[in-house]
Every structure is written in C-alpha cells, then in structure tokens.
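Below is one structure, written out as structure tokens; comments come after it.
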Amino acid sequence: EPEVTQTPSHQVTQMGQEVILRCVPISNHLYFYWYRQILGQKVEFLVSFYNNEISEKSEIFDDQFSVERPDGSNFTLKIRSTKLEDSAMYFCASNIRLEQFFGPGTRLTVL
Amino acid sequence: KNEVEQSPQNLTAQEGEFITINCSYSVGISALHWLQQHPGGGIVSLFMLSSGKKKHGRLIATINIQEKHSSLHITASHPRDSAVYICAVKAETSGSRLTFGEGTQLTVNP
C-alpha cells in the first residue's frame, strides 16, 4: 500500500543552524502539508502546498520557514535558523481528495 | 476556546471493555478524522467521516453534523489499543488544513 515517507526520522541540530526535513508524498497526490507537534501538545498546522505554491499557511509559518517541491517527488520543509522552540515532531501529509495520509514524522531536536 | 474539544483527556480501561471517546467541534466542517498516535509518535488515520457511521474491525466512528459531535468506539478493547486518539476536522472555511483536538490517552490494562 502506498505511504508517505519522511527522512530523517530524527535530526539533532544546534541553535541557529539550517535544517531541511524531507518528505516523499504518495505519488498521485496533489495536496501536501506540514504539521508540527511540540512534545506534550496538540498537532498544529504549518503550511499547505498545491500546484507548486503555498495555498495556506499558519501564523507559525514565518520567514524562517520555507517549503519546496524540487523534483516532482520530494516535498521539503526548510528552517533557516533554528530556535530552541522549533524542537518538535514534524509530520508531512498528502491527499488527493479529503482524506489526508500522514508520514511517520521527523523528530527535530534543537540544542 | 479550542475549535475541537475531546473528552476524556485520559482513559484507563480493562481488557475487553467497550470504550467511547468523544469529540465536539464549534465550526462547520466538511470532514472529520479520527487518528491514532502510538508512543513512537507516528500518526495513523483510522477514519474520515462527513456523515453517518463507519466501522472497521472493532472500531466504530459516528458523527452528528447537526450537534457538531463525533464519537469513536472500541469494542472488546485490547492492550494493543493503548495509544493517543486524536480528532481532527477540516473546517468549511479554512481551506484544506486540519485542526486537531488535544487527543485522548487510552490505556488498556490486561
């Protein structure tokens, strides 16, 4: 069964460093999302992406964040200069109709 | 006030018990998801509902659009059902994003 994959599963970085989180959505899906979950908190929407552009973003998704679909299969989330409060689980999701399918997540730890 | 409220926050049951987790929401929606999150953190979609009722194995999900309420039931619960169960809605006015509840931590003891 097709699934969303994410790499790496765990990323540790120093404050101020740039990180890129990678996702491979399900191949025929058209809509792509990034969500994050800070430890002990609920999942929060970051950004949605359709037709090679951002379709919606939350107030969390500030200038430090960017998304890209560089090659038709990967979907990336870049954090330019990480802060301690960026430590969280980041989930990618994709869908073609209403039901969203989630990847296993990348745990980002900022030291 | 959160747009999506779940109850209870924590639930402990004995193996074999019938379990109900509730979700109330305050906005018009086009779909509601029930998701399962295991301790490792990964999220699995259990159901997507826009009306009525769905059943998959021992899991049943219902939704009442007029009352803005959904329930997730687990029959004959088992310790492997222990996880966080999350309700998430796609609001009619918020594009395709999902808005999540806080989750219900379910522990099923043998």
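Can you give the Rg to Rh ratio of the range B:8-54, both from alpha-carbon atoms, with Rh computed by the Kirkwood formula? Radius of gyration over Kirkwood radius for the range B:8-54 works out to 0.99.
Solvent-accessible area of the range A:23-101 (1.4 angstrom probe, protein heavy atoms only): carbon and sulfur portion equals 47 percent.
Distant-in-sequence amide contacts of B:L46, defined by a placed amide H-H separation under 5 Å and a gap of 5 or more residues or a different chain, comprise B:W34, B:L35, B:Q36.
Taking only the C-alpha atoms of the range B:33-84, Rg followed by Dmax gives 11.8, 36 Å.
Dipole size of the range A:1-59 about its Cα centre, with +1 on Lys/Arg Cβ and -1 on Asp/Glu Cβ: approximately 140 debye, rounded to the nearest 20.
Normalised by 2.2 N^0.38 Å, with N the number of residues, the alpha-carbon radius of gyration of chain A equals 0.99.
Heavy-atom accessible area with a 1.4 Å probe sorts B:V44, B:V84, largest first, into B:V44, B:V84. When nucleic acids and ligands are ignored and a 1.4 Å probe is applied, B:T20 ends up with an accessible area of around 50 Å².
Of all aspartates and glutamates in the structure, the ones whose alpha carbon falls short of 17 Å from that of A:K83, not counting any fewer than 8 places away in one chain, are A:E18, A:E59, A:D62, A:D63. Peptide A:51-64 has a mean of 1 when you count, residue by residue, the C-beta atoms of other protein chains within 10 Å of its C-beta. Taking only alpha carbon atoms, the range A:13-52 gives an Rg to Rh ratio of 1.04, where Rh is the Kirkwood radius. Each residue of the range B:4-19 was assigned a 3J(HN,Hα) from its phi angle through the Karplus curve 6.51 cos²θ - 1.76 cosθ + 1.60 (θ = phi - 60°); the sequence is 10, 10, 10, 8, x, 6, 10, 9, 10, 9, 8, 3, x, 6, 8, 10 Hz, with glycine and proline shown as x.
Considering only beta bridges that DSSP places wholly inside the protein assembly as shown, some 90 percent are antiparallel.
The values are calculated or read from the model by the stated rules, or taken from the named source; none is laboratory data. Just so it is clear, the model here is predicted, and its values are computed rather than measured. Here the Cβ is made from the backbone with ideal geometry for all residues, glycine too, and neighbour counts use every protein chain on show. Heavy atoms of the whole protein, side chains included, go into the accessibility calculation; ligands, DNA and RNA do not. Shrake-Rupley method; radii C 1.70, N 1.55, O 1.52, S 1.80 Å.
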